[in-house]
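Below is one structure, written out as structure tokens; the observations come after it.
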Amino acid sequence: MGSLGAILKHPDDIYPLLKLKMAARHAEKQIPVEAHWGFCYSMLHKVSRSFALVIQQLDPELRNAVCIFYLVLRALDTVEDDTSIATDVKVPILIAFHRYIYDRDWHFSCGTKEYKVLMDEFHHVSTAFLELGRSYQEAIEDITKRMGAGMAKFICNEVETIDDYDEYCHYVAGLVGLGLSKLFYASKLEDLAPDSLSNSMGLFLQKTNIIRDYLEDINEIPKSRMFWPREIWSKYVSKLEDLKYEENSDKAVQCLNDMITNALIHAQDCLTYMSALREPSIFRFCAIPQIMAIGTLAMCYDNIQVFRGVVKMRRGLTAKIIDRTKSMADVYGAFFDFSCMLKSKVNKNDPNATKTLKKLEAIQKTCRDSGLLNKRKSYIIRSDSRFNSAVLVAFFIILAIVFAYLSANRPKNY
Ligand code: D61
Ligand code: MG
């Protein structure tokens, strides 16, 4: 749970945080008893707390397919990310990975911590995969094949141009969007979305990750990993790692803002994709990560901390987003609010200020034109201080009652 300081500053986080905690506990209790499914769901919780939560609330049949889709791609990504594997070993594995999912005896040990467990016990994932319906299997196989080939292509090539950047992000995340749309369609709960919109859903998430993880990726041992395209960073520095040095702070922030402006291109496609969804649990599954992404971009914009440490959304804010994302009105509201926050951070001396503002205004126009904005509860920007202090007082009263109760019931040692 969030630190006490954060909670005292944002007391209205308490309720969504508690709700989230209970939902997580409930999800843990629901882990299936069969060994392979049990392994898959507990692995899902270990490797991705955020995706696990939204996957958990899907319809059971679709949930199983999405869970396996996630683990198969996470395993493929573990091979890609392991910088200690030689290229001539790695490339053939990436290319053939889509065949290993049919083979219960296949095994390749790599990665660390929970990723190593996933790789070592991969037979549980293939066993579960073989129990899925054929249309789910086909979608997963097709995307794994295309992603593996794309990753292999980028093992040797660096991300130079913005087109390379979009191509790389298509392989590792856009394809996830295409695959998910196919799984939703196979479940008969949704129509098939156009590929270009599904692709944008992935690109928006992946670009946000790449921006936020600059320092972690550049400091990767034994070899740094670079996903920021040269076409963008070369306008500001002569080497990507120069962005982390204090003397380049101004250039670094300008470059960061340029990267964020690039990511914002995908926001409108994402809104169009989400507005076509019909099934409430699928809608929440898609919308929660997107709102977190635009929220993360708003936090990172003009923020030198991206080059110094980790910039993360407050856990309480994440819990609030999870709690309050139910309809398209909520999504438009959140996109509108975070665009407002971004707009307020744009400095007119930034070389891309005009471009950034134009994109933010276009996003806000889409939100306004939906006609749903007035129905929203604006929870991100406005913080009513009177309401906050009322919650704070209530919090201390409850705390006092709990203390009084506990001390009254304490066994007395005379
Ligand atoms: C709707 C809902 C969820 C969506 C979506 C549409 C469209 C795309 C995505 C999720 C995928 C977004 C990926 C963003 C996070 N990036 C990564 O995890 C990077 O690895 C990419 C390759 C493996 C992708 C595995 C994946 C991820 C999310 C899923 C999923 C599969 C299946 C179902 C649901 C969600 C990144 O990982 C390391 C890191 O970020 O720390 C990397 O290696 O670049
Ligand atoms: Mg990767």
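What tally of residues in the stretch 94-126 results from selecting those that are away from ligand 1 (no atom under 12 Å from the Cβ) and open to solvent by 20 Å² or more (accessible area, probe 1.4 Å)?
20
Can you tell me which of (1) over 30 Å from W233 (Cβ atoms); (2) open to solvent by less than 50 Å² (accessible area, probe 1.4 Å); (3) at pLDDT 95 or above is the one D369 doesn't meet?
Just one mismatch for D369, condition (2).
Pull out all pairs, ordered by first then second residue, where Cβ-Cβ is under 9 Å, the residues are six or more apart or on different chains, the first lies in the stretch 43-69 and is within 21 Å of E131 (Cβ to Cβ), and the second is within 16 Å of ligand 2 (Cβ to nearest atom) and in a loop (DSSP other than H, G, I, E, B).
I55/S48
Is it true that some residue in the stretch 50-61 is within 14 Å of ligand 2 (Cβ to nearest atom) and either at pLDDT 95 or above or open to solvent by 50 Å² or more (accessible area, probe 1.4 Å) (or both)?
no
Just a yes or no: is a residue in the stretch 199-210 among the hydroxyl-bearing types (S, T, Y) and assigned by TED's automatic domain parsing to the domain that holds T261?
Yes.
I need a count of the residues in the stretch 351-366 that are outside any loop (DSSP other than H, G, I, E, B) and open to solvent by 70 Å² or more (accessible area, probe 1.4 Å). Reasoning before the result, please.
Our first condition is that a residue be outside any loop (DSSP other than H, G, I, E, B); within the stretch 351-366, this holds for 353-366.
Those still in the list that are open to solvent by 70 Å² or more (accessible area, probe 1.4 Å) too: 354-355, 358, 361, 365.
The qualifying residues number 5.
Quickly run through the stretch 216-258 and pick out the residues that are touching a Ser or Thr at 6+ places or on another chain (Cβ under 7 Å) and either assigned to a loop (DSSP other than H, G, I, E, B) or touching a residue at least 24 places away in the same chain (Cβ under 8 Å) (or both).
Selection gives I218, E220, P222, K223, P229, E231, N257.
Here's the yes/no breakdown for (1) under 24 Å from P32 (Cβ atoms); (2) of a type in the set (A, V, I, L, M, F, W, C); (3) touching an Asp or Glu at 6+ places or on another chain (Cβ under 8 Å):
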{"site": "H45", "(1), (2), (3)": "yes, no, yes"}
{"site": "S48", "(1), (2), (3)": "yes, no, no"}
{"site": "V54", "(1), (2), (3)": "yes, yes, no"}
{"site": "Y70", "(1), (2), (3)": "yes, no, no"}
{"site": "A96", "(1), (2), (3)": "no, yes, no"}
{"site": "I101", "(1), (2), (3)": "yes, yes, yes"}
{"site": "Q137", "(1), (2), (3)": "yes, no, no"}
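Okay, residues lined up against (1) under 19 Å from the mean Cα position of the chain (by Cα); (2) part of a helix (DSSP H, G or I):
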{"residue": "T144", "(1), (2)": "no, yes"}
{"residue": "A149", "(1), (2)": "no, yes"}
{"residue": "C169", "(1), (2)": "yes, yes"}
{"residue": "G174", "(1), (2)": "yes, yes"}
{"residue": "E190", "(1), (2)": "no, no"}
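Looking for something open to solvent by 30 Å² or more (accessible area, probe 1.4 Å), free of Cβ contacts under 8 Å to residues at least 60 places away in the same chain, in a loop (DSSP other than H, G, I, E, B) and closer than 20 Å to D258 by Cα - is there at least one such residue anywhere in the stretch 206-213?
no
Looking at the stretch 78-93, which of its residues are within 16 Å of ligand 2 (Cβ to nearest atom) and open to solvent by 30 Å² or more (accessible area, probe 1.4 Å)?
Start the filter on the stretch 78-93 by keeping residues that are within 16 Å of ligand 2 (Cβ to nearest atom), which leaves 78-85, 87, 90-91, 93.
Scanning the stretch 78-93 gives D81, T83, S84, T87, V91.
So, G133, is that one in contact with a helix residue (DSSP H, G or I) (Cβ under 9 Å, 6 or more places away or on another chain), within 14 Å of ligand 1 (Cβ to nearest atom) and open to solvent by less than 50 Å² (accessible area, probe 1.4 Å) or not? Spell out the reasoning first.
Details: in contact with a helix residue (DSSP H, G or I) (Cβ under 9 Å, 6 or more places away or on another chain): yes; within 14 Å of ligand 1 (Cβ to nearest atom): no; open to solvent by less than 50 Å² (accessible area, probe 1.4 Å): yes.
Taking the combined requirement at face value, the residue does not satisfy it.
Any residue at all in the stretch 26-34 that's among the aliphatic types (A, V, I, L, M), under 23 Å from E279 (Cβ atoms), more than 15 Å from ligand 1 (Cβ to nearest atom) and surrounded by 14 or more Cβ atoms within 10 Å (Cβ to Cβ)?
Within the stretch 26-34, the first condition is being among the aliphatic types (A, V, I, L, M), and the residues that meet it are 27, 31, 33.
Imposing the further condition that a residue be under 23 Å from E279 (Cβ atoms) reduces the set to 27.
Next, from what is left, pick out any that are more than 15 Å from ligand 1 (Cβ to nearest atom): 27.
Narrowing the set further to residues that are surrounded by 14 or more Cβ atoms within 10 Å (Cβ to Cβ) leaves 27.
Scanning the stretch 26-34, I find at least one residue that is among the aliphatic types (A, V, I, L, M), under 23 Å from E279 (Cβ atoms), more than 15 Å from ligand 1 (Cβ to nearest atom) and surrounded by 14 or more Cβ atoms within 10 Å (Cβ to Cβ), so the answer is yes.
List, please: which pairs have Cβ atoms under 8 Å, are six or more places apart or on different chains, and start with a residue in the stretch 142-158 that is within 15 Å of ligand 2 (Cβ to nearest atom) and end with one that is among the aliphatic types (A, V, I, L, M) and open to solvent by 80 Å² or more (accessible area, probe 1.4 Å)?
From the stretch 142-158, the pairs are G148/I95; A149/I95; A152/I95.
Only helices (runs of 4 or more DSSP H) wholly contained in the stretch 1-103 count here; list those with 3 or more residues that are assigned by TED's automatic domain parsing to the domain that holds E121 and closer than 25 Å to S181 by Cα. Write out each step before concluding.
Numbers: elements: 4-9, 14-29, 35-47, 49-56, 60-81, 87-100.
Filter on the stretch 1-103 gives 35-47, 49-56, 60-81, 87-100.
For I218, only one of the following conditions fails: (1) away from ligand 2 (no atom under 16 Å from the Cβ); (2) in contact with a helix residue (DSSP H, G or I) (Cβ under 6 Å, 6 or more places away or on another chain). What is its number?
The one condition I218 does not meet is (1).
The values are calculated or read from the model by the stated rules, or taken from the named source; none is laboratory data. Small disclaimer: the values here were computed from a predicted structure and weren't measured. Note that each Cβ is placed from the backbone with ideal geometry, even for glycine, and that neighbours are counted across all protein chains shown. To get the accessible areas, we keep the full protein, side chains included, count just its heavy atoms, and leave off ligands, DNA and RNA. Shrake-Rupley method; radii C 1.70, N 1.55, O 1.52, S 1.80 Å.
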